C-alpha cells in the first residue's frame, strides 16, 4: 500500500505538464477532466490490487458485493448526472458517475488497509515488492502498446473508416479476454496454493480440464462472432466479421499464456514476463508497420495473433527448459488449439451457413467433452488403483 501511494504521488507531481500536452493533442481544454481520468485510473489500479488480496483469502463474497456496489452505483449516478447536472456535457456526467462510487470504495479500502497495517513498516517487504514489481511496469506499458498500436497505425495508414471496423471487432473479441482474466483470478490463487505445497502434478492434470473449459467457451464465441457483429452493427461494418474471428484466436492464445505465466511469478522471475511482452510488442509494431499498408486492417488482426502465439511459446519454452516443469499436457493442448482453429476456419469460410457452422461447433464441443471425460476417468482410476495396491500391501 505505501509503495502504491508513493507511485501515485510521483505521478501527480508530473501530471500538470502531461495533462496540458494531452489536452492540446486531443483538443481538450479542461484540466479537471484530465485529472479525473488519471486519478480514476490510479484508483482502479488500487481496486484491482485489493481484489487480488481478498482473492488470496478466498473472500469472494466481499469481492462480489464490492463489484455489485460499484456497478450499480456507477450506473445510477451516471444516468442521473447525464440527465440533470451535465445535460449539456454528457461525457462529464458519465465520468463523475463512475468516479464518485469508485472514490467511496477507495476510501473504504484505504481505511481497511491502514487499520490492519503494522505500526512499524517492514522495509524488507518494501524492498521485495519494489524489485518484484519494477519489471511489471514496462510489462504493463508493453501490453497497452500491443492493445492500441493496431488502431493507431490503421488510422495513420488507412483512415477512420478502417479503424471503425477494426475497433468493432476488437470490442467484441474483448469478451473472451474478460472471461479469461476472470477465470485467471481464481486459477492464479489455486495455482500459488498448490505450488507452495509442491503439488505440481495436480497443476499439470487440472490444467487440461481448465483449458478444456475455456476451449468450449472460445469455440462457442468464435462460432457466434459473425452473428454478434450482424446484431451490433449496420451492414457497412459487417467486414468486421472476418477480423473478430482472428482476434478471438489471438485472445485464446493470450489465455494459454495466462495459464502458464504464473510459474514465473511464483519463482519471482518477473523480468522474464517483461522480456516476453516486450518482444511480442516489438514484433507486433514491426509487423504492423510493414503489413498494414499492404493488406489493411486484416493484417493487424493476424499480426496480433502471431504476437500472442509467440508470447505463449516463449513462456512455455522458458518454463519447460529453465524450471523443468511441464506446464501443460502438450498432446491435449495441441488438440484444443486444433479444434479452435477448425472452429475459426469454418466460421471464416461459412459465415452464412448457420447449420454447418453450429453443427461442426457442436461436434467439436462433444470431442472436447469426450477428451476431458476420458482424462478425468483415467486419473481417478489411477488413484483408485494406488489405494487398492496399498490395501493389498
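Nearest 500 deg cm²/dmol is fine: what mean residue ellipticity at 222 nm does the chain get from its DSSP H runs of n ≥ 4 alone, each adding -39,500 (n - 2.57), divided by its residue count?
-30500 deg cm²/dmol
Measure out, as a whole number of angstrom, how far apart the alpha-carbon centroids of the stretch 85-131 and the stretch 254-297 sit.
Each part reduced to its Cα centre gives a spacing of 30 Å.
Once you've got the GNM for the chain with C-alpha springs shorter than 10 Å, pick whichever of 73, 301, 224 has the biggest mean-square fluctuation.
Most flexible of the set in this elastic network: 73.
Roughly how many nanometres apart are two label points built 7 Å out from the Cα toward the Cβ at residue 290 and residue 278?
2.2
Given a 10 angstrom Cα cut-off, can you work out which residue in 163, 76, 110 is the most mobile in a GNM of the chain?
76
Using just the C-alpha positions of the stretch 218-313 as equal point scatterers, what log10 of I(q)/I(0) does the Debye formula give at each q in 0.24, 0.25 1/Å?
Results for the stretch 218-313 at q = 0.24, 0.25 Å⁻¹ read -1.15, -1.19.
What FRET efficiency do you get for residue 306 and residue 236 if R0 is 25 Å and r is their Cβ-Cβ distance, rounded to the nearest 0.05?
It comes out at approximately 0.30.
Please pull out the direction-averaged projected area of the stretch 95-221, using the convex hull of its alpha-carbon atoms, in nm² to one decimal place.
12.9
How long are the three semi-axes of the equivalent ellipsoid of the chain, in whole Å, if each is the root of 5 times an eigenvalue of the C-alpha gyration tensor, listed from largest down?
The answer is 36, 32, 21 Å, longest axis first.
Given the Cα atoms of the stretch 189-269, and with Rh set as the inverse mean 1/r over their pairs in the Kirkwood sense, what is Rg to Rh to two decimals?
1.17
If you look at just the Cα atoms of the stretch 203-242, how large are its Rg and its Dmax in Å?
15.0, 47
In nm, give the distance between the simple-model label positions of residue 185 and residue 89, each being 7 Å from the Cα along the Cα-to-Cβ direction.
The answer from the label model is 3.2 nm.
If I take every Cα pair under 8 Å that is 6 or more residues apart in the stretch 191-296, average their sequence separation and divide by the length, what percent do I get for the relative contact order?
24
At 0.36 nm per residue, and after removing the present C-alpha to C-alpha distance, how many nm does the segment from residue 325 to residue 110 gain when stretched out fully?
73.5 nm
Per residue, what volume in Å³ does the convex hull of the Cα atoms of the stretch 72-148 enclose?
Per residue, the Cα convex hull of the stretch 72-148 comes to 138 Å³.
None of the figures in this text is laboratory data; all of them are computed from the coordinates on show. What you see is a predicted model, and the numbers here were worked out from it, not measured in a lab. Glycine also receives a Cβ, built like all others from the backbone with ideal geometry; neighbour counts cover every protein chain displayed.
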